[in-house]
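Peer 1: Input: one structure, supplied below.
The values are calculated or read from the model by the stated rules, or taken from the named source; none is laboratory data. Note that this is a predicted model, so its numbers are computed, not measured. Reconstructed Cβ throughout: ideal geometry from the backbone, glycine too, with neighbour counts over all protein chains shown.
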């Protein structure tokens, strides 16, 4: 398995913070409940370059706090750079609702129509002793 495949396997799937949420609730603290659904979406991107080795991922994050729920979707590109993993953010494609964007309802989009986010500092990760470390000023480390 390549480094990019290992990294993508680690960050894709369904995740939540139920244990942390329950502990905070038990301690009497208000804390948001979060759910994340991360899915590779290269199958919905048309005309990727023949030599393209990256993986686009739709990250669907849902937060619930005091009975209110909101979504925070993202589109990321994962690439390998000199034995490290680079995570770059892309704008939600034109024609998609930025509040409800999800893999399930994502329309096919042309690769050349995708735009890199200017607000996001790309994150660089490396593996050391079986642990992925790194990040950027935009997101926190994965450990």
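Peer 1: How about the stretch 11-39: which of its residues are assigned to a strand (DSSP E or B) and surrounded by 15 or more Cβ atoms within 10 Å (Cβ to Cβ)?
Peer 2: 33, 34, 35, 36, 37, 38, 39
Peer 1: Can I ask one more? For residues in the stretch 107-138 being part of a loop (DSSP other than H, G, I, E, B) and in contact with a strand residue (DSSP E or B) (Cβ under 6 Å, 6 or more places away or on another chain), which is modelled with the lowest pLDDT?
Peer 2: Checking each candidate, the answer is 136.
Peer 1: What number of residues in the stretch 40-51 are part of a helix (DSSP H, G or I) and either within 15 Å of the chain's Cα centre (by Cα) or touching a residue at least 12 places away in the same chain (Cβ under 8 Å) (or both)?
Peer 2: 2
Peer 1: Ok, one more. Kindly indicate which of 108, 133, 80 is out of contact with any helix residue (DSSP H, G or I) (no Cβ under 9 Å at 6 or more places or on another chain) and surrounded by fewer than 17 Cβ atoms within 10 Å (Cβ to Cβ).
Peer 2: On inspection, the qualifying residue turns out to be 133.
Peer 1: Can you confirm whether residue 53 is surrounded by fewer than 16 Cβ atoms within 10 Å (Cβ to Cβ), in contact with a helix residue (DSSP H, G or I) (Cβ under 8 Å, 6 or more places away or on another chain) and within 22 Å of residue 10 (Cβ to Cβ)?
Peer 2: yes
Peer 1: Right, another one. Considering only the stretch 84-91, I want to know if a residue exists there that is surrounded by 18 or more Cβ atoms within 10 Å (Cβ to Cβ), over 15 Å from the mean Cα position of the chain (by Cα) and not in a loop (DSSP other than H, G, I, E, B).
Peer 2: no
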